Amino acid sequence: MNNTFSFNRFKNLLLNDGKMYLRKFGTSLIVCCCLNAIFWIINLLFGTETNSMSRFGFLCVWTALAMMMVPEKVYGKANLSREGVGFAMMPTSSLEKFISMFLYCAILTPLIVFFCGYLVDTLLSLFPFGGFEKPIHLYSLNELIKLMNDSEGVVQTGGEPGFPVEAVFPVGLIRTGIIFGIIQWAAIFMLGNMIFKKHKTGKTFACYLGIGYLISMIMGLVFLNRDIMENWINHFSDLSTEQQITVFHNGMVWSMIISIIITIVLLFFTYRKIKTQKY
Amino acid sequence: MIEIKNLDFGYKNQPVFNNISLSFEKGNIYGLLGENGVGKTSVLKLISGLQKPTAGTCEVDGIAPFNRLPETLQKIYFISEDFAIPEGTPINNIRELGVFYSNYDESLFLELCKEMEVDPTRKYAEMSFGQQKKCLIVSALSLNTDYLLLDEPTNGLDIPSKTLFRQVIAKHATDNRTIIISTHQVKDVENLIDPIIILDHDEVLLKASFREIADKLYFDYGMEKDDTALYSEMIPGGYVNVIRNTEGLDSKVSIEVLFNTVMKNRETIKHLFS
């Protein structure tokens, strides 16, 4: 018997978790997909208009909200000493349990909420008596880059001649950033779900804000130091445009690498918690 | 076979076991007895892989259960005393669980439901505690695991249910299956368990079969109290005196009296059965 991964066992686990997912999160999922309808109703009642860009933004917020909730709703009992025994003793490997949890929390939930929400929004925008003026336009990354560049194809930076967005943010880098951003958001709440015993989503979000605040404080103390900033600005203005682009680009790449490392670490610790949780 | 060797275990700053060794062979129904808080449930949790030894080893068929390998998990089923109530109905629940156990037998599940007088299509949430427990026992038996661990299985069962429990367990105990019943309600499992393990804080006081116990201890049911006995207890119509069986006499072992004898004569019993 393969004790690490078996497709047959994993298939059974996916089906089992799928049933649990629908049972425990199905209603929330439907609500999250239909939240944009609130704006549609308000617009119908008061004759107002919510533009498609705002609706797109809200769709992203609902997706993020659903991702925050799903680990606790579906796998909330996994680390509880009494209720978690069934999860721990199910004859599947820790890796299979982790992958299944990852698929439902980090892949399926954002896909379902975003695209079903988009579908609901589009259907409502086709309604002949108003509500939504036009459907949400899903921009491709290239289109977004074009929008970010001005008519000359460059970003203006404080009146100084700028440089093309794609030079600093190549499409591949943006795509990786978005994917890992989504996975990282899911990973934060998956780990929080395995660490905390009660009020898992709330506590995880509070920790996320707390840690974010702490990091900003430290970064602020370091980078807002007058001498450091002056030195850095003087040094940067001495550089050629190409060198400035390289500095920004490298900064982006490094922040992406750090973000990927953080995501992997969060996922690894979630797996470790599944594997070594005591009951 | 389950083998525990030189095992240390505790919760945070509270030690439970210090260097204990135990083994459980296949084909037996073990009775794990002991006072409250001696670690009966901890033994079952260690065997199930829900807890990890601090030192020493605990192995199920040569594999540490805390590794939680599917191969090991497929062999063990544990019903905790304070079990979580499953969702839905027993039949749906066992069908979802059964796909992970290669020896799951649905016809056995339905047959056992009839024997234990429970309705598999009724929601767990609508059942009494006793019915929920009976459904879990039925589910556990139908999964046909090699090791079945039951923590206080008769708690919450009424008298007819206790009888049914004994019958069902006795009927489905096979040579390939090890059943470990942890309980302090020894009368409920009398005539069912053999061998007996009596745990004390930090140590195993006794591990012996009924035959071995009867060979070494004589349970004398009489009118008089014997002052030389290891232990005497008043019973309706007289006394039961537990004395060393030096003459090879045969007697009926009372688990409750044995338990009290062991508790009052820890060192003597350990020496006698070592």
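All distinct Cα pairs of chain A go into the 1/r average, and the inverse of that average, the Kirkwood radius, is 21.9 Å.
Straight Cα distances below 12 angstrom link A:K198 to the aspartates and glutamates A:E72, with same-chain residues fewer than 8 positions distant left out. Note on B:K52: aspartates and glutamates with a C-alpha under 17 Å away, same-chain residues under 8 apart excluded, are B:E3, B:D8, B:D61, B:D202.
For region B:2-207, the relative contact order is 32 percent, taking Cα pairs closer than 8 Å that sit 6 or more residues apart in sequence and dividing their mean separation by the residue count. The mean count of C-beta atoms from other chains within 10 Å of the C-beta of residues in A:14-24, rounded to a whole number, is 1.
Partner chain Cβ atoms within 10 Å, averaged over the residues of B:59-72 - can you pull that number for me? Don't skip to the answer; put the middle values down first.
Values: counts 0, 0, 0, 0, 1, 0, 1, 3, 5, 13, 7, 13, 5, 4.
Across B:59-72, the average partner-chain Cβ count within 10 Å equals 4.
Within the listed set B:M116, B:M127, B:M234, the Gaussian network model of chain B (springs between alpha-carbon atoms below 10 Å) gives the highest mean-square fluctuation for B:M234. Paramagnetic label reach from A:C207 (point 7 Å along Cα→Cβ; backbone nitrogen cut-off under 16 Å): within region A:229-264, residues A:262-264.
Within chain A, A:C32, A:C34, A:C60, A:C105, A:C207 have no other Cys Cβ under 4.7 Å of their Cβ and so lack a disulfide-compatible partner by this rule. Among beta bridges from DSSP that stay inside chain B, the antiparallel ones total about 60%. Run down the lysines and flag those whose C-alpha is under 22 Å from the C-alpha of A:K146, throwing out any fewer than 8 positions away in its chain. Qualifying lysines at Cα under 22 Å: A:K134. Our coupling estimate for region A:52-67, obtained by passing each phi through the Karplus curve with A = 6.51, B = -1.76, C = 1.60 and θ = phi - 60°, is 5, 5, 5, 5, 4, x, 5, 4, 5, 5, 5, 4, 5, 4, 4, 5 Hz, Gly and Pro reported as x. Relative contact order, whole percent, for chain A stands at 25, derived from Cα pairs under 8 Å and 6 or more residues apart.
Mind scanning A:K73/B:K133; A:K11/B:K45; A:K11/B:K162 and naming the pairs with a C-alpha gap bigger than 32 Å?
On the way: A:K73/B:K133 26 Å; A:K11/B:K45 28 Å; A:K11/B:K162 39 Å.
In this structure, A:K11/B:K162 exceed 32 Å between Cα atoms.
Phi angles of region A:21-38 translate, via the Karplus equation with coefficients 6.51, -1.76, 1.60 and θ = phi - 60°, into HN-Hα couplings of 4, 5, 5, 9, 10, x, 5, 4, 4, 5, 4, 4, 5, 9, 5, 5, 5, 4 Hz per residue; Gly and Pro are given as x. For B:L205, the residues whose modelled amide H falls within less than 5 Å of its own, excluding neighbours fewer than 5 places apart on the same chain, are B:I198, B:L199, B:D200.
Distance from the Cα centroid of region A:60-108 to that of region B:151-223 is 39 Å (rounded to whole angstrom).
Evaluate peptide B:85-91: per residue, the Cβ atoms of other protein chains within 10 Å of its Cβ; return the mean as an integer. All intermediate terms of the calculation are to be shown ahead of the outcome.
Values: counts 1, 2, 3, 2, 0, 0, 0.
Mean partner shielding for this stretch: 1.
Overall, the ratio between the Cα radius of gyration of the protein assembly as shown and 2.2 N^0.38 Å, rounded to two decimals, is 1.33.
On the beta carbon distance between A:R23 and A:S240, with R0 = 56 Å, the FRET formula returns roughly 0.40.
Residue ranges B:235-246, B:25-36, B:139-150 sort as B:139-150, B:25-36, B:235-246 when ordered by packing (mean number of other C-beta atoms within 10 Å per residue, highest first). Computed 3J(HN,Hα) for region B:250-255, one whole-Hz value per residue from the Karplus formula 6.51 cos²θ - 1.76 cosθ + 1.60 where θ = phi - 60°, is 9, 8, 8, 7, 9, 5, glycine and proline marked x.
Any read-out appearing in this document is the output of simple, stated calculations on the displayed coordinates, not a laboratory observation. Values in this document were obtained by computation on a predicted structure and should not be read as measured data. Heads up, the Cβs are rebuilt from the backbone with ideal geometry, glycines too, and the neighbour counts pull from every protein chain shown.
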